[in-house]
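**Student:** This is the structure I want to talk about, given as structure tokens.
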Amino acid sequence: MKKIAVLTSGGDSPGMNAALRAITKLAASKGVQVFGVHEGYEGLMDGNFRELTRVLPDGQVMVDIEVDAAGGLGGTIIGSARSARFREAEGRAQASMQMAKRNLEGLIVIGGNGSLTGAHFFSRESGIPTIGIPGSIDNDIGCTALALGVDSALNTIVAACDNISDTARAHRRAFVVEVMGRDCGYLAMASAIAVAADAVMIREQGKTEEQLVADLANVIRNGYARGKRRILVIKAEGVQVPCTRLVRLTEDAMRADMPTVEIRATVLGHVVRGGNPSYQDRAIAGRLGFGAVGALLRGATDAMVAWLPPVPGGMPTEDSSVMLFPLEHVLAETAAVINGSSPVTQRRLALMEKATGVLAL
Ligand code: F6P
């Protein structure tokens, strides 16, 4: 291979730029030119490419200085998008034509569930070798212990909860903090343990609005009865009841026995998705980036590089922590993680169940 393309797609995540840097460096070291695609699959269909390498007069391939400097930045310097057009076969055919026109022989896609689904169909239909890298703060991608951005997002949540805890303790208040995670409560669960929250609310528990209100009221009553000054409940975005509504309904429900109770709602939203990548995200990005280029150059396709897979079935790479999984397998496992049938989700829920009683102490 002489020329490959790379794109970032779907919700951005810290570590995407670090992966771009690693991909470009390894490819350059093998004499392969790298073209970044602007705005994800939209740019692939529209032919919106930019070279991330530079070829010197003596034929050596060098890394663009902006790419080199961007490794420590959040977001993605080549832009991202959620593309409805790419879900259609015509869109994918147009993208394949744009790549062929430029003699681009391989593609690396960094993104989440929807992006990897696009990569699977694209590789099958176009025959262009395509490798995925999991990138999504939600950690809802199957076959990988972590996706790019998860660790940074957790650090951001922990820092925010520390700040909230200071003011909560000052006023003896209860807080419900909502964190991102549309289909998967991983961020809520993992951060709840790290900040010793009193409880966690995630979609996977399948609770009704009534149950959530009753649970929240009980956690607050028990917390104050134990003399706590801070009561902190972490709620995942995937729980359908909006934070402010949950708080209002719970205050109403507690009016009779605790008329002065004060509950505050904080929605962290996109704050959680931005910010410079943590050490761990940079390290994983570097190693998955190397793994993806290595896989492409060895002739692999329709596959994803995974970090310390929690499920069996991957193929080894040069890096003992990075395994290669067929995208079909990854997408089936992702669906299972989201619908709760995966042993990974069941283990997470069982662990959370056990931790809940302890956290409330
Ligand atoms: O990337 C995943 C995610 O951050 C989800 O947690 C969240 O529900 C969604 O993206 C938000 O998407 P958007 O930025 O398009 O509003």
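**Student:** Which of the lysines could be linked to Lys2 by a straight reach, that is with a Cα gap under 16 Å, when you skip same-chain ones fewer than 8 residues away?
**Tutor:** In chain and number order, the partners are Lys25, Lys30, Lys101.
**Student:** Also, quick follow-up: Taking all protein chains together and a probe of 1.4 Å, list Val37, Val358 from the most accessible to the least accessible. Please list the in-between numbers first.
**Tutor:** Numbers: Val37 0, Val358 95 Å².
So, going from the largest accessible area down, we get Val358, Val37.
**Student:** Under the classification rounded if a/c is under 1.5, otherwise prolate if a/b is larger than b/c and oblate if not, where does region 52-183 fall, given a ≥ b ≥ c as square roots of the Cα gyration tensor eigenvalues?
**Tutor:** Oblate, because a/c is 1.5 or more while a/b does not exceed b/c.
**Student:** Okay, moving on. With a/c under 1.5 counting as rounded, go ahead and sort region 3-42 into rounded, prolate or oblate using the C-alpha gyration tensor (a ≥ b ≥ c being the square roots of the eigenvalues; past the cut-off, prolate if a/b is larger than b/c, else oblate).
**Tutor:** Numbers: a/c = 4.32, a/b = 1.54, b/c = 2.80.
Cα axes put region 3-42 in the oblate bin.
**Student:** Further question: Going by accessible area, probe 1.4 Å, with all protein chains left in place, what is the ranking of Met258, Met99, largest first?
**Tutor:** The residues order as Met258, Met99, largest area first.
**Student:** For region 5-46 and region 210-257, compute the distance between their C-alpha centroids and round to whole Å.
**Tutor:** So the two Cα centres are separated by 44 Å.
**Student:** Can you give me the Rg/Rh ratio for the chain, using Cα atoms for both radii and the Kirkwood formula for Rh?
**Tutor:** Reported Rg/Rh, Kirkwood definition of Rh: 1.05.
**Student:** Given a 1.4 Å probe and the protein chains all in place, what does the accessible area of Cys184 round to, in Å² to the nearest 10?
**Tutor:** Roughly 10 Å² of Cys184 is accessible to a 1.4 Å probe.
**Student:** Please give the charge dipole size of the chain, origin at the Cα centre, charges +1 on K and R Cβ atoms and -1 on D and E Cβ atoms. Round to the nearest 20 debye. Walk me through the intermediate numbers first.
**Tutor:** Details: 37 positive and 37 negative charges, 116 e Å.
For this selection, approximately 560 debye.
**Student:** Once the dipole of the chain is set up with Lys and Arg at +1 and Asp and Glu at -1 on Cβ about the Cα centre, which of Leu7, Pro343, Ile133 lies farthest towards its positive end?
**Tutor:** Positive-most Cα among the choices belongs to Pro343.
**Student:** Using the heavy atoms of the protein chains and a 1.4 angstrom probe, tell me the accessible area per residue for the chain in square angstrom.
**Tutor:** 41
**Student:** Using a 1.4 Å probe over the heavy atoms of the protein chains, calculate the carbon and sulfur portion of the accessible area of the chain as a whole percent.
**Tutor:** Details: 7930 of 14790 Å².
Carbon and sulfur together cover 54 percent of it.
The values are calculated or read from the model by the stated rules, or taken from the named source; none is laboratory data. Everything numeric in this text was worked out from a predicted model, so none of it was measured. With ideal geometry, Cβ positions are generated from the backbone for all residues, glycine too; neighbour counts draw on all protein chains shown. The protein model used for the area step is the full one, side chains on, heavy atoms only, and it has no ligands, DNA or RNA in it. Shrake-Rupley method; radii C 1.70, N 1.55, O 1.52, S 1.80 Å.
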